[in-house]
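For reference, the structure discussed in these notes is given below.
The values are calculated or read from the model by the stated rules, or taken from the named source; none is laboratory data. Keep in mind it's a predicted model, so treat the numbers as computed, not measured. Cβ atoms come from the backbone with ideal geometry, glycine included; neighbour counts cover every protein chain shown.
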Amino acid sequence: MKTPFHELGLKPEITKAIDALGFEEPSPIQKQAIPALMNGFDIVAQAPTGTGKTAAFAIPIMELIDPTKRTVQALVLAPTRELAVQVAEASHSIGRHCRVNVLPVYGGQAYEHQLRGLRAGAHLVVGTPGRVMDHIRRGTLQLDTVRFVVLDEADEMLDMGFIDDIQLILDQTPPGRQMALFSATMPPRIQALARRYMKSPQTIAVAHEAQDVPLTHQVYYETQQRGKRDALTNILDMQEPHSAIIFCRTRSEAADLASMLQARGYGADAIHGDMSQALRERVLAKFRTNKITLLVATDVAARGLDIPDVSHVINFDIPDDADAYVHRIGRTGRMGRKGEAITLVTPRELRLLRVIEKDIHKKLKPLQLPTYEDVAARRTTSFMEELRKTLRSGTGEPYGLVAAELAQEFSPLQIAAGAIQLAYEATGRPALGAAPPAAESGRMNQAEMTRLVLDAGRRRGVRPGDIIKSVAKDAGIPGSDFGNIDVQDDATFVEVRSTVASKILERAAIVSLRGGEGHLTLARQKSARPASSDRRGQKPRDEKPAAQSKFKKSKTKKSKAQKAKR
Ligand code: ADP
Ligand code: MG
């Protein structure tokens with residue numbers, strides 16, 4: 001089949017690979033960037049997430065590389081390990097018939113593996129600035145044969161404090177090399193970098209509005225801070241997203257929220273900067289293959305990740321500004337698909353919402369939170385739909401035998417109701433027809449929650465999910481009876497519904513933790529605890545490192561390692 005990609009005059013090896021990837025036509029950024037790069041120009045390209053920037057530079061790189069020479073001919077710098085791996089994989093797919101060796105190089109992976117790849121003759125190196133710099137210092141990577149350099153997500157790299165490394169790396173490349181700079185935004189610092197290192201670059205811009213936004217339905221719900229979790233689960237139950245990314249402000253919030261969602265029976269997992277690379281990749285793989293439908297993430301952890309087909313982006317915490325908002329919602333409505341962008345806004349955050357709306361030139365649509373009754377009705381309908389499907393496709397014979405045996409004791413209606421109840425309870429969601437829990441009708445307040453304290457915390461590796469699992473099992477209560485779980489260094493505060501507090505203390509006071517146990521007791525005075533709305537200011541933010549401004553002056557190995565970890 002002839003596609004417009006052929007009109008770009010690419011090698012047959014490359015069009016074959018592109019056909020296999022299922023790309024039908026070049027995206028707007030690709031239409032402009034590929035010919036410019038193939039004609040030898042430097043380019044500065046601005047386009048939002050999800051518009052196909054990777055192929056826009058990977059295709060020209062594959063055109064340029066001479067696989068018969070065993071030298072590094074192209075270098076791509078990317079802000080995070082995930083992104084480096086992703087760009088390397090995408091480049092590899094595009095160049096799969098070109099006999100080009102692509103090597104990702106990033107912090108956190110053993111040097112040995114990367115050294116082997118470099119010695120074996122990598123043609124394209126895709127790396128994070130920190131690790132690329134380390135290889136240059138060790139003399140294991142020479143850039144004097146490089147003909148093409150790409151800065152991908154340049155704005156992010158500068159935000160993360162990589163400017164010095166980037167300049168040192170660029171200084172190592174030969175003057176005659178070609179260069180491309182891709183960025184979602186074009187602050188003056190990026191323009192300065194372009195002026196310094198590029199030869200009369202062509203500027204290519206693809207507007208946000210033109211690309212992403214119109215296809216994405218953008219709404220917000222106003223909710224109190226304390227009611228947010230219930231608001232979220234109600235929205236999830238109503239919308240039943242095929243796949244959603246839920247953005248939180250801090251790492252600990254992301255981890256806690258994912259545990260809460262798991263405890264309430266949702267397929268959710270978190271990805272944040274405290275997790276090892278291997279673990280993050282496992283979570284991402286589960287999300288990509290739809291084994292989990294909800295990915296709870298911080299901005300930094302999610303940055304630039306290629307996660308196709310996200311039906312919903314949910315801002316559990318409102319982003320800091322319009323740029324962050326556009327970045328986040330760029331994960332849905334990609335490449336011409338429809339998407340939903342949902343933002344939860346507390347009354348105090350309404351002003352921030354107005355600022356964001358002004359900057360994106362668009363008003364978000366205010367919606368009423370679903371009521372408990374709405375959710376219950378919806379859950380019943382979808383449960384019945386599932387059951388109908390199962391019945392229509394025929395139940396397995398062993399189940400029939402069980403039913404037949406029970407029919408000697410109970411009526412078919414009784415058996416069915418019992419089975420439905422069991423199946424329903426197994427989902428971990430509130431029982432059908434149960435009175436709305438106080439929280440869900442928006443009446444939850446401190447008086448209805450009881451605060452317990454566990455004599456173990458972060459130092460012993462306590463995780464909210466472990467506590468919920470152990471306590472819920474021993475006390476025989478659902479995950480929805482838990483409120484906020486606040487893990488401190490040597491203690492953990494656990495909020496539970498007051499109605500189940502004594503049951504927990506009777507039956508589940510000994511909590512099994514990784515490597516030992518902890519003890520739950522009633523916590524003292526609530527007033528000892530900072531109000532939850534104040535916590536925002538106290539928790540370390542996962543966002544742009546606080547060191548951003550300090551960074552230039554006091555860049556240490558350690559702070560760099562921490563950055564690379566995100
Ligand atoms: P960006 O770097 O701009 O955020 P990516 O390069 O990660 O975007 O691409 C986003 C998604 O779009 C990827 O899944 C990629 O495979 C897909 N994609 C890229 N180019 C095309 C195209 N021409 N047609 C269809 N899908 C494409
Ligand atoms: Mg990209």
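Tabulated results
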| read-out | value |
| --- | --- |
| Residues (touching a residue at least 40 places away in the same chain (Cβ under 8 Å), of a type in the set (Gly, Ala, Ser) and either within 28 Å of residue 357 (Cβ to Cβ) or surrounded by 13 or more Cβ atoms within 10 Å (Cβ to Cβ) (or both)) located in the stretch 166-208 | 180, 183, 184, 194, 205 |
| Selection within the stretch 43-77 - among the small types (Gly, Ala, Ser) and within 10 Å of ligand 1 (Cβ to nearest atom) | 45, 47, 50, 52, 55, 56, 58 |
| Residue that is surrounded by the most Cβ atoms within 10 Å (Cβ to Cβ), among those in the stretch 354-376 that are over 21 Å from residue 228 (Cα atoms) and of a type outside the set (Asp, Glu) | 360 |
| Single residue of the stretch 273-330 satisfying the filter (β-branched (Val, Ile, Thr) and under 23 Å from residue 152 (Cβ atoms)) that is surrounded by the fewest Cβ atoms within 10 Å (Cβ to Cβ) | 307 |
| Residues of the stretch 136-158 classified as of a type outside the set (Gly, Ala, Ser) and away from ligand 1 (no atom under 16 Å from the Cβ), total | 14 |
| Residue selected from the stretch 372-391 under the condition β-branched (Val, Ile, Thr) and without any contact (Cβ under 8 Å) to a residue 24 or more places away in the chain, by the criterion nearest to residue 220 (Cα to Cα) | 381 |
| Total residues in the stretch 78-89, condition within 11 Å of ligand 1 (Cβ to nearest atom) and either among the small types (Gly, Ala, Ser) or in a loop (DSSP other than H, G, I, E, B) (or both) | 1 |
| Elements of type helices (runs of 4 or more DSSP H) contained in the stretch 151-260, each with 3 or more residues being under 30 Å from residue 483 (Cα atoms) | 228-239 |
| Set 48, 60: member being within 19 Å of residue 88 (Cβ to Cβ) and either outside any helix (DSSP H, G or I) or in contact (Cβ under 8 Å) with a residue 60 or more places away in the chain (or both) | 60 |
| Sole exception among (1) modelled with pLDDT of 85 or more; (2) crowded, with 17+ Cβ neighbours inside 10 Å; (3) under 31 Å from the mean Cα position of the chain (by Cα) for residue 475, by number | (3) |
| Search result, residues across the stretch 90-102 that are within 11 Å of ligand 1 (Cβ to nearest atom) and under 20 Å from residue 116 (Cβ atoms) | 91 |
| Residue that is nearest to residue 332 (Cα to Cα), among those in the stretch 29-42 that are in contact (Cβ under 8 Å) with a residue 40 or more places away in the chain and within 14 Å of ligand 1 (Cβ to nearest atom) | 29 |
| Of all residues making up the stretch 169-189, the number that are under 23 Å from residue 143 (Cα atoms) and away from ligand 1 (no atom under 16 Å from the Cβ) | 11 |
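Residues checked against (1) surrounded by fewer than 18 Cβ atoms within 10 Å (Cβ to Cβ); (2) modelled with pLDDT under 85; (3) of a type in the set (Gly, Ala, Ser); (4) in a helix (DSSP H, G or I):
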{"site": "490", "(1), (2), (3), (4)": "yes, no, no, no"}
{"site": "494", "(1), (2), (3), (4)": "no, no, no, no"}
{"site": "499", "(1), (2), (3), (4)": "yes, yes, no, yes"}
{"site": "524", "(1), (2), (3), (4)": "yes, yes, no, no"}
{"site": "537", "(1), (2), (3), (4)": "yes, yes, yes, yes"}
